[in-house]
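J.: Encoded as structure tokens, here's the structure I'll be asking about.
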């Protein structure tokens, strides 16, 4: 019985790599389709959104960050919160921007009445320059 011809190692490696590339190219669209996009449908027309900022006092950047980071899990765990992002300016440590979305103003006010929000706000005179600046926004969809 004759054995199959043997290919040089470099050709075997090329064949293996081309197979991986072909598999990746054909699988990528399927993978992208399996992951649905964000469910923006849960954000109602006219939703109440907040863009807020706070700046740490000089030398208090780490303390403000440590006091603020726990808010991410707490706010995202609130069923009335639809979106919550905490961001820090890469070029100015201690400058934080908040992006929050609630269905309506009442849900946002209920959020502000939460004990953890009140406790965080109470620490700002010690940690921040001038407290929080808040812009109250309306989410616009194509229907508005």
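The values are calculated or read from the model by the stated rules, or taken from the named source; none is laboratory data. Remember, it's a predicted structure, so these values are computed and weren't measured experimentally. Please note: Cβ atoms are built from the backbone with ideal geometry, for glycine as well, and neighbour counts cover all protein chains shown.
J.: Taking only segment 120-144 into account, find how many residues are at pLDDT 95 or above, loosely packed, with under 11 Cβ neighbours inside 10 Å and out of contact with any strand residue (DSSP E or B) (no Cβ under 8 Å at 6 or more places or on another chain).
T.: 2
J.: Does residue 68 count as in contact with a strand residue (DSSP E or B) (Cβ under 9 Å, 6 or more places away or on another chain), surrounded by fewer than 16 Cβ atoms within 10 Å (Cβ to Cβ) and in contact (Cβ under 8 Å) with a residue 12 or more places away in the chain?
T.: Taking the combined requirement at face value, the residue does not satisfy it.
J.: Take segment 90-109 and flag every residue that is closer than 26 Å to residue 66 by Cβ and surrounded by 12 or more Cβ atoms within 10 Å (Cβ to Cβ).
T.: 93, 94, 95, 96, 97, 98, 99, 100, 101, 102, 108
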